[in-house]
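Down below is the structure, laid out as structure tokens.
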Amino acid sequence: MKQSNDEGTAGLSFESNRLAVLGLGHVGLPTALSLAELGWQVTGTDSDTSKVRQVGSGCAPFYEPGLQELLSKHRESRRFRVEENVEEAIRSSSVLFICVGTPQQEDGEADLSQVEAVARVIAQNLNGYKLIVEKSTVPAITARWIKRTIQRYAPANTYVTKTLEQEESPMALQPSDGVHLFDVASNPEFLQEGSALQDCFSPSRVVCGVESERARQILTDLYRPLNCQIVVTDLNTAELIKHAANAFLATKISFINMVGDLCEAVGGDVTQVAKGIGLDPRIGRHFLNAGLGFGGYCLPKDVRAFIHLAEQHRVDFSFLKEVERINNGRVDRMLQKLRSSLWVLRGKRIAMLGLSFKPNTDDMREAPSVRMIGKLLQEGAVLQVHDPQAMPHMRQMYAEEEGRLTYCSSPYEAARDCDAVLLVTEWEEYREMDLPRLKDLARVPILIDGRNLYDPNRMRQLGFEYYSMGR
Ligand code: UDX
């Protein structure tokens, strides 16, 4: 993690160092706190006032390593504060980061109503220059729509800086003459849940899509302390970079999952294949872990949105549909292993270890465990589940039910008297588990490893009937 800029940001070249982050979710809150850590004065706001109050009281609304500590630190340093009144947060800041949700509609298209709503509020609260930075993941041309929305709903005499830069005598239009200026920029966030703060402080790159020199200058000043490569592009290109990155990562995962299935069919070890191909720098080792596939808020949604965008613009990107189809089949693939080892599932006691879509988060969005629990309950299995962080969220979807579903306080309790253990999320806690103890607690020592966490030879030596993915 980079050192905090305790001297603040004096000397930077834009007039106000007040930033507002609109939306305090998985992207917004880490962004706000990391900007505070870099030395900026940051105001956080959200249309959900209960969330604003929770954050204001010093309590992080979701689990993310280091987040709670950073929140406490910057409430104390007073570089981060919350504001319940969104309009006030906008008026008191000159750089506004839009971090609102962009959930997906049934047809795969992103629902941009929250982005539009916030753009309209900004339009009605322009008091001096504002740089409006889109950080939420959005389809290409959203920044253009934000700009158009602001122009439509702002008072007369509101201009984008670019217009002024193109004017022959820009000095003719001054904010003091009742003229409002703004810019829209696209600054997509690449942070991963579970390592969000680390990703904010040591990004592989920062992408800034801008239309004016003024916007470019502000964003490059803002991120200079990070000392990383800044890629400056136009608005659409920046948006496409984000989508293309996530679609490519998803493609890598589906690709290796197919290679894994082939390894099982012909006899091979997918983890060794991943190592063997990943050492080629043109391929790279990251995102080649075979298993249950990709979940979470971003990858599945972005793949669908990219497919939708391509269809809208009559570009044949059907190959991404295949990436999605492969991913959708992963849960069934694992359940098939369970069925073929247990024969009948009705009445069998199954331990499920891990519920969140990946380790170090309590996020359940598009987590394979959700579909898995649904299917197993439907087939009459009795479930004993455990997760280090995500159980409260899962309880909201599936309540505890005697004889059907029990939430357990440890992986050992989950394994007690079970007929099989399913390893669904690769939490470090499970990697370091006392496996002989787990085996002794289980009625039948079957372990199906959806994340290739354990060494097959060791598991067999310990006496497990062990199955993994692609080995
Ligand atoms: C992702 C992108 O990585 C990030 O850049 C973007 O800003 C948001 O979306 P995130 O959703 O936090 O981040 O999770 P990520 O670590 O990318 O994992 C996504 C899913 O892929 C998880 O379900 C994970 O288990 C799965 N995965 C990842 C694999 O199955 N195999 C791999 O090799 C890597």
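The values are calculated or read from the model by the stated rules, or taken from the named source; none is laboratory data. A quick note: this is a predicted structure, and the numbers were derived from the prediction, not measured. Every residue, glycine as well, gets a Cβ built from its backbone with ideal geometry; the counts of neighbours run over all protein chains shown. These area figures cover heavy atoms from the full protein model, side chains too; ligands, DNA and RNA do not enter into them. Shrake-Rupley method; radii C 1.70, N 1.55, O 1.52, S 1.80 Å.
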Q: Return the only residue of 146, 122 being open to solvent by less than 10 Å² (accessible area, probe 1.4 Å), at pLDDT 90 or above and farther than 24 Å from residue 313 by Cβ.
A: 122
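For every residue, the table says whether it meets (1) aliphatic (A, V, I, L, M); (2) modelled with pLDDT of 95 or more; (3) within 16 Å of the ligand (Cβ to nearest atom).
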| residue | (1), (2), (3) |
| --- | --- |
| 277 | yes, yes, yes |
| 290 | yes, yes, yes |
| 302 | no, no, yes |
| 307 | yes, no, no |
| 332 | no, yes, yes |
| 337 | no, yes, no |
| 343 | no, no, no |
| 347 | no, yes, no |
| 355 | yes, yes, yes |
Q. Can you name the residue in the stretch 433-461 that is part of a helix (DSSP H, G or I) and touching a helix residue (DSSP H, G or I) at 6+ places or on another chain (Cβ under 7 Å) and, of all such residues, is most open to solvent (accessible area, probe 1.4 Å)?
A. 437
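Considering only helices (runs of 4 or more DSSP H) fully contained in the stretch 310-426, which possess at least 3 residues that are under 30 Å from residue 25 (Cα atoms)?
Details: elements: 319-328, 330-342, 368-378, 391-397, 411-415.
Hits in the stretch 310-426: 319-328, 368-378, 391-397.
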Q.
I'd like to check something: does the stretch 227-240 contain any residue that is more than 27 Å from residue 301 (Cα to Cα) and either within 15 Å of the ligand (Cβ to nearest atom) or in a helix (DSSP H, G or I) (or both)?
A. yes
**Q.** Residue in the stretch 391-446 that is farthest from residue 373 (Cα to Cα), counting only those that are within 16 Å of the ligand (Cβ to nearest atom) and without any contact (Cβ under 8 Å) to a residue 40 or more places away in the chain
**A.** 431
Q. Can you tell me which residue in the stretch 260-275 is farthest from the ligand (Cβ to nearest atom), limited to those that are buried (at least 17 other Cβ atoms within 10 Å of the Cβ) and of a type in the set (A, V, I, L, M)?
A. 273
Q. Counting only residues that are over 21 Å from residue 405 (Cβ atoms) and within 16 Å of the ligand (Cβ to nearest atom), how many does the stretch 447-456 have?
A. 4
Q. Is there any pair linking a residue in the stretch 28-55 that is farther than 20 Å from residue 200 by Cα to one that is open to solvent by less than 10 Å² (accessible area, probe 1.4 Å) and in a helix (DSSP H, G or I), with Cβ under 7 Å and at least six apart or on different chains, and which?
A. 46/52
Q: State yes or no: is residue 70 closer than 24 Å to residue 192 by Cα and open to solvent by 40 Å² or more (accessible area, probe 1.4 Å)?
A: no
